[in-house]
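Colleague: Next up is a structure, given as structure tokens.
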Amino acid sequence: MITRIIVLILYFAVLLSIGVYTSKKAKSYAEYNLAARSNNKWIAGISTQSSSTSGWMLLAMPGLAFTYGFGVVWTLIGWMGGSLFNWIILAKRLRIATESYDTVSVVEYFEKRTGDKKGIVGLISGLSIVVLMIINSSGELIGCGKLIQAAFGVDFTVAVTVGVIIVAFYTFLGGYMAVSWSNLIQGSLMFIALLLVPLYAIFSYGGFDEIAQNVVLQDPDLFQFLSGKTDIVEIVVLISGGVGIGFMYPGMVHALTGLMAIRDPEEIKDSALIATVWGCAALGGASMIGLAGRAIVPDIEDPEQVFLVLSEKYFDNAIFALMAAAVMAAILSSVCAYLIVATASLGGSVVKRYMHIDDDRKVVKIEKIAMIVIALLAYYLAFNGGSVHTIAMFAASGLGASFGPTVIASLYGNKINYKGAVASIFVGMIVVIIWFYSGLSNYLFEVFPGWIASTIVLFAVSKMTGGPDAEITRGFEHYQKLIRKEI
């Protein structure tokens, strides 16, 4: 156990060092919230991808494969489809658009793109992002607590406390630059772990044929893409719950911020390739961990712990500690992104406009205070418990339905205004919440009704309120000129 704790302390020391180092480079508003658009293709590709998968990739995804077998293919389709959509369809346009409108957060972009002089869309979107990021962070902190408790024998409360202190500290110091650099390291560690653990487990057991035979003996349905489900409602829930992940991505603000921070739009193709290779390998590894775990440790109490159980079974203390650190990396890479995106949303929508503070250094100081408050709220919610997968999907559905339609419509057309955007964000959020808490998600994944309602309201309200005015049109035409030069 001492060896494990030493490895964990060394890992934390690296993260804290990154925070201290980047704090010297993150003084201005743009540097703190968007790393001054300085991320190279490797940082952009790996950091963006790792922060959008979080502890879900090492905890929830293996658990899904353990439970549903080949039925997890729908999750693979949704995840990779959404990721590719962001990189291929949105990335270059969003990077150019946010620079054209001179914005460093999605909230600021919404305000300027929709001609919102009153700051209503900024306030609504900013508060929505903060709420959803608190929920998201609480889910990740639950995973953090489970991890440290299981791997290092530390009490759950202490484990969650340690996690939130570490991530808040280096994010507080270095802002988005610290987030990006730490996520590069953490994403690389995740990648190695997701390849090493399943390969070692499968070969140690006797090969994939042995794994497959064992799993088939347990339940032949695990080798069917519908997991043996014949009831139409169960099939819809299975498919929509997986494919629906793709509809989350255009509104996942933390993933969009990674696209905005890319140094050169011309590097986006390379970043997309790096992100895709990382994603395919990670998803494949996580799925194989789940299937291998079903054969090797079929009686595991919590399927979301299968990665840790296999790691502890096959590796010595030092290597196991590194595998546990990989899970920690997955969790913290997302929490730090959630925190900085939430505070950037407040800085752009509330501090500058409603507190009438123009001094960037003062704005950053207020954002840092807000970040601590947000971290503490997430810390409090983490003790309510819950499934990492359920919490992550609910929060991401809210982001996807609230912001996805507005992001796409703003980049590919000129038919919306701020009134439509406000209505769309609000309706998307409300529909997802009502759908989830009413139990209707047991029939159809909540992101779909949220997305449909949000899209209809966006265009209907914009049209009924006069559509884009002359100023909005001029801004859009300027952006279009830049797009034509680049694409």
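The values are calculated or read from the model by the stated rules, or taken from the named source; none is laboratory data. None of the values given here were measured: they were computed from a predicted structure. Backbone-built Cβ (ideal geometry, glycine too); neighbour counts: all protein chains shown. Only protein heavy atoms, including side chains, enter the accessible area calculation; ligands, DNA and RNA are left aside. Shrake-Rupley method; radii C 1.70, N 1.55, O 1.52, S 1.80 Å.
Colleague: Pick out the one residue from Ala421, Ala375 that is over 28 Å from Ser100 (Cα atoms), in contact (Cβ under 8 Å) with a residue 60 or more places away in the chain and open to solvent by less than 20 Å² (accessible area, probe 1.4 Å).
Modeller: Ala375
Colleague: Moving on. Ile192 - would you say it is closer than 22 Å to Lys313 by Cβ and surrounded by fewer than 24 Cβ atoms within 10 Å (Cβ to Cβ)?
Modeller: Considered against the rule, which asks whether it is closer than 22 Å to Lys313 by Cβ and surrounded by fewer than 24 Cβ atoms within 10 Å (Cβ to Cβ), Ile192 comes out as yes.
Colleague: Right, something else. Tell me, which helices (runs of 4 or more DSSP H) wholly within the range 208-280 include 2 or more residues that are open to solvent by 50 Å² or more (accessible area, probe 1.4 Å), within 26 Å of Gly400 (Cα to Cα) and touching a residue at least 24 places away in the same chain (Cβ under 8 Å)?
Modeller: Per the criteria, 232-243.
Colleague: Now a separate question. Can you pull out every residue in the range 470-487 that is over 11 Å from Asn414 (Cβ atoms) and either not in a helix (DSSP H, G or I) or not β-branched (Val, Ile, Thr) (or both)?
Modeller: Matches in the range 470-487: Ala470, Glu471, His478, Lys481, Leu482, Arg484, Lys485, Glu486, Ile487.
Colleague: Among Asn414, Asn384, which is open to solvent by 10 Å² or more (accessible area, probe 1.4 Å), touching a Pro at 6+ places or on another chain (Cβ under 9 Å) and not in a helix (DSSP H, G or I)?
Modeller: None of the other options fit; the residue is Asn414.
Colleague: Let me ask another. Which count do you get for residues in the range 33-71 that are under 14 Å from the mean Cα position of the chain (by Cα) and at pLDDT below 75?
Modeller: Residues in the range 33-71 being under 14 Å from the mean Cα position of the chain (by Cα) and at pLDDT below 75: 5 in total.
Colleague: Now a separate question. Going through the range 309-322 one residue at a time, which ones are open to solvent by 10 Å² or more (accessible area, probe 1.4 Å), part of a helix (DSSP H, G or I) and not aromatic (Phe, Trp, Tyr)?
Modeller: Hits for the range 309-322 are Val309, Glu312, Lys313, Asn317, Ala318, Ile319, Leu322.
Colleague: Is there a residue being at pLDDT 75 or above, of a type in the set (Phe, Trp, Tyr), surrounded by fewer than 24 Cβ atoms within 10 Å (Cβ to Cβ) and over 24 Å from Glu367 (Cβ atoms) anywhere in the range 140-161?
Modeller: Yes: one or more hits.
Colleague: Considering only the range 435-462, state which residues are surrounded by fewer than 16 Cβ atoms within 10 Å (Cβ to Cβ), part of a helix (DSSP H, G or I) and at pLDDT below 95.
Modeller: Tyr437, Leu440, Asn442
Colleague: Quick one: would you say Val327 is within 22 Å of Thr67 (Cα to Cα), part of a helix (DSSP H, G or I) and open to solvent by less than 10 Å² (accessible area, probe 1.4 Å)?
Modeller: yes
Colleague: Would you check which residues across the range 438-487 are of a type in the set (D, E, K, R), touching a residue at least 12 places away in the same chain (Cβ under 8 Å) and farther than 16 Å from Thr114 by Cβ and list them?
Modeller: Within the range 438-487, Glu446, Glu486 qualify.
Colleague: Sticking with this one: If I filter the range 401-424 for residues that are at pLDDT 80 or above, under 27 Å from Pro62 (Cα atoms) and either among the small types (Gly, Ala, Ser) or over 16 Å from the mean Cα position of the chain (by Cα) (or both), do I get at least one hit?
Modeller: yes
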